[in-house]
Amino acid sequence: MKSYKDLEIYKLSFQLALDVHKLTLTLPKTEQYELGSQVRRSAQSVRANIVEGYGRKDYRTEFVRFLVIANASLLETESHLEMLCEIYKKNR
């Protein structure tokens with residue numbers, strides 16, 4: 001493995017961050033700066049922590065620690081997306 005870009009988990013996290021970013025741009029302007037901003041940051045954090053952990057891959061415990069942090073950011077992202085789904089349900 002030559003790069004973090006070879007990691008399947010990185011590819012998935014990159015796509016998540018990209019999809020979340022695009023989705024939040026469709027929100028009303030006020031929400032783009034509130035919950036939209038929070039969910040963009042948490043999705044980017046998933047990706048960023050995987051990259052930072054990979055940079056410390058020679059220190060297994062450090063790599064694992066950053067993967068744990070990435071997982072926590074993923075849970076945060078999921079929670080924000082659940083909230084957005086509830087707020088903007090189609091059948092109102």
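The values are calculated or read from the model by the stated rules, or taken from the named source; none is laboratory data. This is a predicted model, so every value here is computed, not measured. Glycine also receives a Cβ, built like all others from the backbone with ideal geometry; neighbour counts cover every protein chain displayed. For the accessible areas, the whole protein counts, side chains as well, though only heavy atoms, and no ligand, DNA or RNA atoms are used. Shrake-Rupley method; radii C 1.70, N 1.55, O 1.52, S 1.80 Å.
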Checklist line | With DNA, RNA and ligands ignored, accessible area of Asp19 (1.4 Å probe; Å², nearest 10) | finding: 80
Margin query: I'd like the carbon and sulfur percentage of the solvent accessible area for the chain, probe radius 1.4 Å, heavy atoms only, ligands and nucleic acids excluded.
Written below: 57
Note to self: With every protein chain left in place and a probe of 1.4 Å, what is the accessible surface of Met83, to the nearest 10 Å²?
What the structure shows: 100
Next item on the list: Taking every Cα atom in the chain, find the radius of gyration and the maximum pairwise distance Dmax, and write them in Å.
Entry: 14.9, 52
Check: Distance in nm between label sites at Val64 and His21, each 7 Å beyond Cα in the beta-carbon direction?
Finding: 3.2
Check: Excluding same-chain residues fewer than 8 positions from Lys22, which lysines have a Cα within less than 26 Å of its Cα?
Finding: Lys5, Lys11, Lys89, Lys90
